[in-house]
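Trainee: Mind looking over this structure? Questions follow.
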């Protein structure tokens, strides 16, 4: 919350939607209530429902959501507004993103290219905290689909990319926190299943199906590769290796672009987890210098 309040843009609307949590969040929200445009704490039917609830209350032309683990970097909102002004047709803009741990140490910096609709169908993932949206476009595509719980943001990006241009800004606007209790770790083994559900949905959409057919092998290999990535995080190296090999068989270039997943799975299977941890620790130390 402090990272939002510290933004230097004058016109900022901050809404908080809490799912009736009992982890102390409500007490923190109450401390800041006077500075919020609106807040609510009540049961919902999942993250997508909570996001839609907040979006429905928003009034600004530019919207985004920030989960409780994540934060914005200084100057983000002012930069976002300038980028939308420079790209008046854009429906979605995104930047690069930091990954941090429980102690705010940078563990990785995700640097993204300019992506296309085909790239999104091939699961080129954008860090959600670094994404900002045109509210009118979000409303036009029906908001966040409550049928999705893990890749709900990515499915929304696909819906928006078929509606209008998406733009990458070569800056860093946000940091996402990764820890054992985070959804991308705690539910890691389920991400792959949702990726294949997105492909099934896209194959039934009249305007997406022809695009998907052009990149079918790459898209399905990418879903397997994404599955491998999260299975490594879930501590299931044998299943991760199987998923990576399936990606290799379907579209070799897609699998070979992430040989680190193969190496990580093999190290885990060989009982060399500490080697993998040392590699990750070395990367973190380089980024912290």
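The values are calculated or read from the model by the stated rules, or taken from the named source; none is laboratory data. Being a predicted model, the structure only gives us computed values, none of them experimental. A quick note on method: Cβ atoms are made from the backbone with ideal geometry, for glycine too, and the neighbour counts reach across all protein chains shown.
Trainee: Here is a list of conditions, (1) under 16 Å from residue 121 (Cβ atoms); (2) surrounded by fewer than 21 Cβ atoms within 10 Å (Cβ to Cβ), and residue 167 meets all of them except one; can you say which number that is?
Mentor: Residue 167 satisfies all of (1) under 16 Å from residue 121 (Cβ atoms); (2) surrounded by fewer than 21 Cβ atoms within 10 Å (Cβ to Cβ) except (1).
Trainee: Within the bounds of the stretch 53-72, is there any residue that is modelled with pLDDT under 90 and either closer than 28 Å to residue 101 by Cβ or not assigned by TED's automatic domain parsing to the domain that holds residue 129 (or both)? Step through it out loud before you land on a result.
Mentor: Within the stretch 53-72, the subset modelled with pLDDT under 90 is 68-69.
Checking the rest, the ones that are also either closer than 28 Å to residue 101 by Cβ or not assigned by TED's automatic domain parsing to the domain that holds residue 129 (or both) come to 68-69.
Yes; the residues of the stretch 53-72 include at least one that is modelled with pLDDT under 90 and either closer than 28 Å to residue 101 by Cβ or not assigned by TED's automatic domain parsing to the domain that holds residue 129 (or both).
Trainee: Does residue 120 meet the test of being touching a helix residue (DSSP H, G or I) at 6+ places or on another chain (Cβ under 6 Å), outside the structural domain of residue 212 (by TED's automatic domain parsing) and either surrounded by fewer than 19 Cβ atoms within 10 Å (Cβ to Cβ) or within 21 Å of residue 190 (Cα to Cα) (or both)?
Mentor: Numbers: touching a helix residue (DSSP H, G or I) at 6+ places or on another chain (Cβ under 6 Å): yes; outside the structural domain of residue 212 (by TED's automatic domain parsing): yes; either surrounded by fewer than 19 Cβ atoms within 10 Å (Cβ to Cβ) or within 21 Å of residue 190 (Cα to Cα) (or both): yes.
Spelling it out, residue 120 is indeed touching a helix residue (DSSP H, G or I) at 6+ places or on another chain (Cβ under 6 Å), outside the structural domain of residue 212 (by TED's automatic domain parsing) and either surrounded by fewer than 19 Cβ atoms within 10 Å (Cβ to Cβ) or within 21 Å of residue 190 (Cα to Cα) (or both).
Each row is one residue, and each column tells you yes or no for (1) outside any strand (DSSP E or B); (2) surrounded by 19 or more Cβ atoms within 10 Å (Cβ to Cβ).
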position	(1), (2)
49	yes, no
59	yes, no
67	yes, no
85	yes, no
89	yes, no
93	no, yes
98	no, yes
109	no, no
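Trainee: Need a quick list: helices (runs of 4 or more DSSP H) entirely within the stretch 135-252 having at least 3 residues that are at pLDDT 95 or above and not assigned by TED's automatic domain parsing to the domain that holds residue 120.
Mentor: 191-204, 209-214, 216-233, 237-250
Trainee: With touching a strand residue (DSSP E or B) at 6+ places or on another chain (Cβ under 7 Å), modelled with pLDDT under 95 and on the phi < 0 side of the Ramachandran plot as the only criterion, which of 109, 126 stands out?
Mentor: Values: 126 fails: modelled with pLDDT under 95.
Sole residue among the options that is touching a strand residue (DSSP E or B) at 6+ places or on another chain (Cβ under 7 Å), modelled with pLDDT under 95 and on the phi < 0 side of the Ramachandran plot: 109.
Trainee: OK, next. Being more than 20 Å from the chain's Cα centre (by Cα) and more than 30 Å from residue 164 (Cα to Cα) narrows it down to one residue among 248, 261, 212, 208; which is it?
Mentor: Working: 261 fails: more than 20 Å from the chain's Cα centre (by Cα); 212 fails: more than 30 Å from residue 164 (Cα to Cα); 208 fails: more than 30 Å from residue 164 (Cα to Cα).
Answer to the check: 248.
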